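**Q** Structure in structure tokens, see below.
The values are calculated or read from the model by the stated rules, or taken from the named source; none is laboratory data. Quick caveat: nothing in here was measured; it's all calculated off a predicted structure. Every residue, glycine among them, receives a Cβ derived from its backbone with ideal geometry; neighbour counts consider all protein chains shown. Heavy atoms of the whole protein, side chains included, go into the accessibility calculation; ligands, DNA and RNA do not. Shrake-Rupley method; radii C 1.70, N 1.55, O 1.52, S 1.80 Å.
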Amino acid sequence: MTTVAFTPATEARFAVARHVADAVLFEGYVLYPYRASAAKNRLRWQFGVLVPPAWSAAAEEHDFQLTECLMEPRTGAELAVEVRFLRAQRRTVEERREDGTFAPAGELRLPDRVLVPWDEGVEERVTLTVPVADLRGDGTVLPFTRPAAEETEEVTDTGGRVLGRLVRRCEEINGALRISAAELDGPYRVERLSVTVENTSTWTADGDTDRHAALPHSLVATHTLLRLDGGSFLSMTDPPEWAKGAVAACRNLHTWPVLAGEPGRGDLVLSSPIILDDHPAIAPESPGALYDATEIDEILALRTAALTDEEKREARGTDARAAAVIELADTMPPEVLERLHGAVRSLQSVTGPPKPTGNVLAPETPWWDPGGDTGVDPDTDHVLVDGRAVRAGSRVVLRPRLRRTDAQDLFLDGRRALVEAVLHDVDGGVHIAVTVEDDPGADIRREQGRFLYFQPDEVEAAEDE
């Protein structure tokens, strides 16, 4: 048993899983609008929080995680384990007084940022490599400790004058990693692996202590990576028929193991406090971490870019990761933003996987791309309405009452509109894109390509056409 660095082969395999594991680690770390003053950033650390035992007894939170899964190790196989969590580092702000001493302050205002008190997340890892044979019976226990620490950082203006300082404090954290394995009865050589991560800190809460006081003594966003160097794990989500009974007998408390890494391989497991499918992956279109649960990158990027300068200053001063989000949104190239508009993965069986072009994934022109068919042109195509050709530039009267699918249709019935394009879909349908006359936002809609769409039997040709 050893706690030294992993072998290059194990490190390379864990690197494959860490992309998703990082999303688990920082899930909800700092939410849009990425400012400490936002209400939703005042109650933080929602996933995988292992609190001290004394606080667990007083609150409905847990001081341990238990993972049980099935594995088929080869003779002589080793198990590599990596427990990852965040440690809440409490940052306070102090202002320099005229006599040279420092006093607590609510904020320090700088030209490019506003520094405020905040709990920063410091990534911690506990690693272990052990022969599978040594895990049978009582298994092994690895205690770990992270000592208390304090550091200060001076805050200066552009001329080097000290304006204040940031004081960062970490409290002592103690924990234990317990691992064991047991062979199961039956014709298959299968073992049940049990991994428990515990917070064993001796911190005790005062009578009126709240969750905020317990967090610096907690393991936050705790999750576990497992790797077999010989053999494989069985899927706990979709096990083979012969293993379903053994899978059902496994206990998983406050976490759930899924196969990680590339589909088709079973040497990696990610045990996550967030429900995931086997072989989870980050969308290749995503340009960077936005830390928002179930994030929609395009919407968040646009909304972040639209923050005021003052809001961006506060976000930059809230956290280094929040500052990186602001920088990402402000410098995102148009082609990357366009890529976030969406992707249809099911069509890759027809078009093939996207090919990398520099730092941007550019798919080949698929069959469903209107630009790939020179036989259609939305700007010049036409459709017959009451025997008259309607094309871009034509004027029509809207009659959406035939469909009755949108309450707004009541306000559009009888309105005149300008046809912007005639579009053909892959199913042979025809759609007429229009802007409503006298709409003060028509120019903006036209510039952004955001039109209203009607079918040919929902419009009439205008009498003056």
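**Q** Which count do you get for residues in region 1-21 that are without any contact (Cβ under 8 Å) to a residue 12 or more places away in the chain and closer than 16 Å to T222 by Cβ?
**A** Selection size over region 1-21: 0.
**Q** Separate question: Tally up the residues in region 121-145 that are farther than 23 Å from A221 by Cβ, of a type in the set (G, A, S) and open to solvent by less than 50 Å² (accessible area, probe 1.4 Å), please.
**A** Residues flagged as farther than 23 Å from A221 by Cβ, of a type in the set (G, A, S) and open to solvent by less than 50 Å² (accessible area, probe 1.4 Å) within region 121-145 amount to 1.
**Q** Right, next: Does E171 satisfy being of a type outside the set (S, T, Y), closer than 19 Å to L215 by Cα and in contact with a His (Cβ under 7 Å, 6 or more places away or on another chain)?
**A** On the way: of a type outside the set (S, T, Y): yes; closer than 19 Å to L215 by Cα: yes; in contact with a His (Cβ under 7 Å, 6 or more places away or on another chain): yes.
In short, yes.
**Q** Which of (1) aromatic (F, W, Y); (2) open to solvent by 20 Å² or more (accessible area, probe 1.4 Å); (3) under 27 Å from R136 (Cβ atoms) is the odd one out, the single condition W203 does not satisfy?
**A** (3)
**Q** Do the conditions hold for V24, that is, is it surrounded by 21 or more Cβ atoms within 10 Å (Cβ to Cβ), touching a residue at least 40 places away in the same chain (Cβ under 8 Å), touching a strand residue (DSSP E or B) at 6+ places or on another chain (Cβ under 9 Å) and outside any loop (DSSP other than H, G, I, E, B)?
**A** Details: surrounded by 21 or more Cβ atoms within 10 Å (Cβ to Cβ): yes; touching a residue at least 40 places away in the same chain (Cβ under 8 Å): yes; touching a strand residue (DSSP E or B) at 6+ places or on another chain (Cβ under 9 Å): yes; outside any loop (DSSP other than H, G, I, E, B): yes.
Taking the combined requirement at face value, the residue satisfies it.
**Q** State yes or no: is E314 more than 16 Å from G28 (Cβ to Cβ) and either in contact with a helix residue (DSSP H, G or I) (Cβ under 7 Å, 6 or more places away or on another chain) or buried (at least 18 other Cβ atoms within 10 Å of the Cβ) (or both)?
**A** yes
**Q** For the structure I just gave you, tell me whether A80 is without any contact (Cβ under 8 Å) to a residue 60 or more places away in the chain and more than 28 Å from E107 (Cα to Cα).
**A** On the way: without any contact (Cβ under 8 Å) to a residue 60 or more places away in the chain: no; more than 28 Å from E107 (Cα to Cα): yes.
For A80, the condition - without any contact (Cβ under 8 Å) to a residue 60 or more places away in the chain and more than 28 Å from E107 (Cα to Cα) - is not met.
**Q** Something else: Being in contact with a helix residue (DSSP H, G or I) (Cβ under 6 Å, 6 or more places away or on another chain), farther than 26 Å from R44 by Cα and among the small types (G, A, S) is the filter here, so list the residues in region 176-228 that pass it.
**A** Within region 176-228, S180, A181 qualify.
**Q** Further question: Looking only at strands (runs of 3 or more DSSP E) that lie completely in region 146-191, which have at least 3 residues being closer than 23 Å to G121 by Cβ and open to solvent by 70 Å² or more (accessible area, probe 1.4 Å)? Give the steps one after another, and end with the answer.
**A** On the way: elements: 149-156, 162-170, 173-183.
Counting at least 3 such residues, we get 149-156.
**Q** Looking at the structure I just gave you, is G186 out of contact with any Leu (no Cβ under 6 Å at 6 or more places or on another chain) and at positive phi?
**A** Numbers: out of contact with any Leu (no Cβ under 6 Å at 6 or more places or on another chain): yes; at positive phi: yes.
Against the criterion (out of contact with any Leu (no Cβ under 6 Å at 6 or more places or on another chain) and at positive phi), G186 qualifies.
**Q** If a residue has to be within 20 Å of V197 (Cβ to Cβ), open to solvent by 70 Å² or more (accessible area, probe 1.4 Å) and out of contact with any Asp or Glu (no Cβ under 7 Å at 6 or more places or on another chain) to count, how many in region 34-63 make the cut?
**A** Keep residues of region 34-63 that are within 20 Å of V197 (Cβ to Cβ), which gives 45-57, 59-63.
The next check asks that each one be open to solvent by 70 Å² or more (accessible area, probe 1.4 Å); those that pass are 46-47, 57, 60, 62.
Then drop every residue that is not out of contact with any Asp or Glu (no Cβ under 7 Å at 6 or more places or on another chain), which leaves 46, 57, 60, 62.
Adding up the residues that qualify gives 4.
**Q** Working carefully through the options L86, L70, find the one that is closer than 23 Å to D22 by Cβ and either under 27 Å from the mean Cα position of the chain (by Cα) or surrounded by 17 or more Cβ atoms within 10 Å (Cβ to Cβ) (or both).
**A** On the way: L70 fails: closer than 23 Å to D22 by Cβ.
Only one candidate passes the filter, namely L86.
**Q** Look through region 413-457, keep the residues that are in a strand (DSSP E or B) and free of Cβ contacts under 8 Å to residues at least 40 places away in the same chain, and return whichever of them is most open to solvent (accessible area, probe 1.4 Å). Steps first, please.
**A** Narrowing region 413-457 to residues in a strand (DSSP E or B): 416-424, 430-436, 452-454.
Okay, now just the ones that are also free of Cβ contacts under 8 Å to residues at least 40 places away in the same chain, so 418-420, 431, 434-436, 453.
Values: L418: 37, V419: 2, E420: 31, H431: 54, V434: 1, T435: 4, V436: 12, Y453: 116 Å².
Here the residue is Y453.
**Q** Also: Could you list, in sequence order, all residues of region 69-110 that are over 28 Å from F26 (Cβ atoms) and among the polar types (S, T, N, Q)?
**A** Across region 69-110, the qualifying residues are T75, T101.
**Q** When region 206-244 is examined, which residues are found to be open to solvent by less than 30 Å² (accessible area, probe 1.4 Å), farther than 29 Å from E123 by Cα and either free of Cβ contacts under 8 Å to residues at least 12 places away in the same chain or in a strand (DSSP E or B) (or both)?
**A** G231
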